[in-house]
1. Within the group SER329, SER322, which residue is in a loop (DSSP other than H, G, I, E, B), surrounded by fewer than 21 Cβ atoms within 10 Å (Cβ to Cβ) and small (Gly, Ala, Ser)?
2. Within the range 370-384, does at least one residue satisfy the condition of being touching a strand residue (DSSP E or B) at 6+ places or on another chain (Cβ under 8 Å) and of a type in the set (Asp, Glu)?
3. Just checking, does the range 346-362 include any residue being over 22 Å from GLU100 (Cα atoms), surrounded by fewer than 23 Cβ atoms within 10 Å (Cβ to Cβ), in contact (Cβ under 8 Å) with a residue 60 or more places away in the chain and charged (D, E, K, R)?
4. Give the number of residues within the range 130-162 that are closer than 22 Å to SER89 by Cβ and either of a type in the set (Phe, Trp, Tyr) or at pLDDT below 90 (or both).
5. Name the one entry in ILE287, ILE316 that is in a strand (DSSP E or B), over 20 Å from VAL196 (Cα atoms) and more than 13 Å from the chain's Cα centre (by Cα).
6. Does the range 398-409 hold any residues that are surrounded by fewer than 18 Cβ atoms within 10 Å (Cβ to Cβ) and at pLDDT 85 or above, and which are they?
7. From the list ASN382, ASN309, ASN372, exactly one residue is more than 24 Å from GLY74 (Cβ to Cβ) and modelled with pLDDT of 95 or more. Which is it?
8. Only strands (runs of 3 or more DSSP E) wholly contained in the range 43-155 count here; list those with 1 or more residues that are of a type in the set (A, V, I, L, M) and open to solvent by 10 Å² or more (accessible area, probe 1.4 Å).
Amino acid sequence: MHIVKDITLYIKSVILLVLFSINFLNLYAQSEKIHFSQLTTKNGFSSNDINDILHDSRGFMWFATDMGLHRWDGYKMKVFFHQPNDSSSLSASSISSIYEDKDSVLWIGTYKSGLNRYNRKLQNFTRYDIGNINPGSNVQNIIWGMCEDHSKNFWLATEYGLLKFNSTTGEFKRFVTDSTSFSTVISEQAMNYFRVIYKQDDKTLLLGTRNGLVQFDMLKEIFIRIPLSAYSGNVYDISGISDDGSGIFWIATYKNGLYRYDPSTNRIKKITPAVLNRENDLFDGLISICAKSPDEIWVGTVNGLFKFNQQNNIAIAFLPNSRDLTSISSSIIQSIYIDNNKNLWFGTQDYGVNFLPNKQKPYRLYKWDSENSNSLGRGIVNSICEDIAGNIWVGSWGSGVSCFSQKNKKYIRFTPDSPEPNRINSNYVNVIHCDNDDNIWIGTTGHSPNPMRWKRNAASPTWASPARCNDSSSRTRGAALPRYFLR
């Protein structure tokens, strides 16, 4: 009898533990609600397929697409294309990679049309043909990535080998591997298809191929085989490499998941996280990766975006949601980039760029509540501004103006039915503006064409000529992507 009771007690304990774990994981996932902003063709992109991203030393954002090189200054987009009759234009419009060297010079890799150097003053390009590097053919290489060594040589990862480029002489040198460079050979043809290049230290490159991971000594100019004993799992079809700042490298593979590489012990370990926020534990098809910190590893896949924490071995999925405009815009994340201000950028297939600011503050929704008089007025919000005292003024179509005090969290309503001095002439507000003299200018529909001016502590709002509303430093707030990250 005691045994039965003990077993029953044990089963109940296990059930409670499982239920607690499920609730904890659900709460953990819900606490990770974040909001993305998007840049698409509506913002000037010629294509929504983003292959690579760079934040340069001048503050510009650069985006590589299959329809041109894009430069964004926070307000407008400039696109560079290949021009058939202009040798100073890009050698091709299909861009695969972007790199800025130590002298702030931009280098542009293309799909099968060579390398380009961007001349900032003239805003044009110098072309470098790499078609004659391949013996016996004039086949151009896809330049998947590049980096610079201490001697200012450039190393290019291509589909036909590793290239060393001397920018002074314009000469290229090609390096190829053989089966002795890899612990496992999956494909002889793909042996020199270098999809990923990453600088491990001042003398060593990490190269990702379909056959796996291989090192290259830039001083001795030799490939270094990583012994089979170092592996935990099959590390091949490598699609991305990133270091987390602690000496650990994270490796994304297309068919075999996520790996952790520790050069100090020369061990490569397969990582299988618990996945939250989706119906199954689908964590494959990895195509991009960026380690923001040892406990914040961002992984892009063909099945969504994931944020991995190695401390608890949990990966949280972020998926597109048509009902949430601040969700990630695509489930195919082709590139991930962390800029100079620690903001994150996600390049997608077909849906442009997603932006996630560093240390994002939580959003709070303010809306009309029929049962709460201290709420935002009902109607479409047409205009918002902030006055000198920090109050938020909201002009709506249908319920006039609402003034929200951020200090005491209360609203003051301005409508035709409001008592003086809060009465205005119409509930249909097109625009509202706060100037530096503490005037609130209100433009409405259906009455006088002149704006209405409300002065703090005035007896009542007064009509004024538009000519008097001449403040040059508007406090009106628009819906745009923040520019602070660019400088």
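The values are calculated or read from the model by the stated rules, or taken from the named source; none is laboratory data. This structure is a prediction, so every number in the text was calculated from the model and none was measured. No Cβ is skipped: glycine too gets one built from the backbone with ideal geometry, and neighbour counts run over all protein chains shown. Only protein heavy atoms, including side chains, enter the accessible area calculation; ligands, DNA and RNA are left aside. Shrake-Rupley method; radii C 1.70, N 1.55, O 1.52, S 1.80 Å.
1. One residue alone meets the criteria, SER322.
2. So far as the range 370-384 goes, no, none of its residues is touching a strand residue (DSSP E or B) at 6+ places or on another chain (Cβ under 8 Å) and of a type in the set (Asp, Glu).
3. Yes, the conditions are met somewhere in the range 346-362.
4. Qualifying residue count, the range 130-162: 7.
5. ILE316
6. Selection gives GLY398, SER405.
7. ASN309
8. Qualifying strands (runs of 3 or more DSSP E): 50-55, 77-80, 95-100, 143-148.
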